[in-house]
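Structure record follows, encoded as structure tokens.
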Amino acid sequence: MERLMPTSLVLGVTETTSYEAQVAGLGMGEKLLLFTDGISEAFNVDQQEYGESRLEGFLRTHSTLSQADLIQQLTADVLGFCGDARPTDDMTLMSIVRRG
């Protein structure tokens, strides 16, 4: 079974911020989805956050989609969740798949 784990990474906060380099690999057929906090921190009119749990559920349910369809449908899901409360932050997504 494919493991999906949303992870947050803050980049460029200050010049004095230090980062630890790590190496990770993708096995054949594994996927990696990178996203900005505009996805997980999108709010609806009731001030409810889309959240990482909802994001993880979406990814589990839609894990067989192509990269383009995944990004399109995830964006639509977040905007649908927000309803009339349009997001105030950018929503950037990048999908990577290792093919053999």
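The values are calculated or read from the model by the stated rules, or taken from the named source; none is laboratory data. The shown structure was predicted, so the numbers you read here are calculated from the model rather than taken from an experiment. Counting neighbours? That spans all protein chains shown, and the Cβs are built from the backbone with ideal geometry, glycine included.
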### Task
Determine the pairs where a residue that is more than 16 Å from Leu55 (Cα to Cα), located within the range 79-91, has a partner that is assigned to a loop (DSSP other than H, G, I, E, B) and among the basic types (Lys, Arg) with Cβ atoms under 6 Å apart, the partner being 6 or more residues away or on another chain.
none
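May I ask you to say which residue of Thr36, Thr75, Thr61, Thr7 is modelled with pLDDT of 95 or more and within 14 Å of Leu93 (Cα to Cα)?
Going through Thr36, Thr75, Thr61, Thr7 in turn, the sole match is Thr75.
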### Query
Just one of Leu65, Leu26 is of a type outside the set (S, T, N, Q), surrounded by 11 or more Cβ atoms within 10 Å (Cβ to Cβ) and touching a residue at least 60 places away in the same chain (Cβ under 8 Å); which is it?
Leu26
### Query
Assuming Asn44 fulfils every condition listed in (1) under 30 Å from Gly100 (Cβ atoms); (2) surrounded by 14 or more Cβ atoms within 10 Å (Cβ to Cβ); (3) over 13 Å from the mean Cα position of the chain (by Cα) apart from one, which condition is it?
(1)
## Note on the structure
Residue hits (the range 60-86; in contact with a Phe, Trp or Tyr (Cβ under 8 Å, 6 or more places away or on another chain) and either outside any helix (DSSP H, G or I) or of a type in the set (Phe, Trp, Tyr) (or both)) are Phe81, Ala85
### Complete set of residues in the range 37-57 that are out of contact with any Leu (no Cβ under 8 Å at 6 or more places or on another chain) and of a type in the set (Ser, Thr, Tyr)
Tyr50, Ser53
